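The values are calculated or read from the model by the stated rules, or taken from the named source; none is laboratory data. Since we're looking at a predicted model, the values are computed, not measured. So basically every Cβ, Gly included, is an ideal-geometry build from the backbone, and we count neighbours across all protein chains shown.
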Amino acid sequence: MSNKKSKILYIIATSFMVLLVLVAAFVTILSLSSKEDDVPSIFGYTAFSIQSDSMEDEIMTGDFILGKKCDPKELNERDIISFFTVNNEGQIFINTHRIIGVEETALGRIFTTQGDNEEEPDLRKVYEGDIVSKYSGFRIPLLGYILTFLTTQLGFFLCIVLPVLLYTIWQVYKFVLILMNNQKVKLIEEVKDQTSEEAKQAIIAEYLAQQKMKEEENNESNTK
């Protein structure tokens, strides 16, 4: 029973470590694929951490969402998009809101957006060049908080560096256990082989001794 529990714990621990490494690898690839003037993406998909309640109840605060890069000409009203915008302090950030209006102009399409949880449309219009991606419908609740934490040095160490380090140590530990187990098996086999050979030699020696005694008895009988 204890061996069964040990195997279950081993499988759980291994699965957990692999999951941590996969998450770390995913975030690392996103970071490495980013450019100074672009949003990091993998195969056309972009990841965002939602920081406000403006799209509740469709998208909640702290959600992790995936957006798909798209052609602005294919966007329609009711689509949810992520786009670059500017706040009142002049800071550029990415917002995720729903399209409520589309204007066709000589310079391209211009979109009016609004958060589902807001009473008024956004003051700034969205141009084709501002659009980052279209919401794919995929979201994971609360994971956005983790991604936000990853942007800090402490978060990067705890969620990326540390899992990779622990996984490496775990693999080295398993490798050492395998080597030690193989060495034990080898020693046991050698002992078995030696014991078997000694037993064979003892049997042969006893047989020869018995034969010699029989010959001596026969010789004594013949002499008499």
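Structural remarks
- Considering the stretch 125-162, and only residues there that are surrounded by fewer than 16 Cβ atoms within 10 Å (Cβ to Cβ) and part of a strand (DSSP E or B), the residue that is nearest to the chain's Cα centre (by Cα) turns out to be Ile140.
- Pairs with Cβ under 8 Å, 6+ apart, first in the stretch 163-187 and in the same structural domain as Phe16 (by TED's automatic domain parsing), second in a helix (DSSP H, G or I) and among the polar types (S, T, N, Q): Trp170/Thr14
- Residues that are in contact with a strand residue (DSSP E or B) (Cβ under 8 Å, 6 or more places away or on another chain) and either surrounded by fewer than 17 Cβ atoms within 10 Å (Cβ to Cβ) or at pLDDT 90 or above (or both) do not occur anywhere in the stretch 9-20.
- Considering only residues in the stretch 42-69 that are over 20 Å from the mean Cα position of the chain (by Cα) and polar (S, T, N, Q), the one that is surrounded by the fewest Cβ atoms within 10 Å (Cβ to Cβ) turns out to be Ser52.
- Members of the stretch 84-103 that are out of contact with any Asp or Glu (no Cβ under 8 Å at 6 or more places or on another chain) and in a strand (DSSP E or B): Val86, Ile92, Phe93, Ile94, Thr96, Glu103
- Residue within the stretch 81-100 that is assigned by TED's automatic domain parsing to the domain that holds Pro121, touching a residue at least 24 places away in the same chain (Cβ under 8 Å), over 35 Å from the mean Cα position of the chain (by Cα) and farther than 12 Å from Lys134 by Cα present: no
- Qualifying residue in the stretch 104-119 (condition: more than 26 Å from Gly44 (Cβ to Cβ), out of contact with any strand residue (DSSP E or B) (no Cβ under 8 Å at 6 or more places or on another chain) and not in a loop (DSSP other than H, G, I, E, B)): yes
- So Thr113, is it at pLDDT below 95, surrounded by 12 or more Cβ atoms within 10 Å (Cβ to Cβ) and β-branched (Val, Ile, Thr): no
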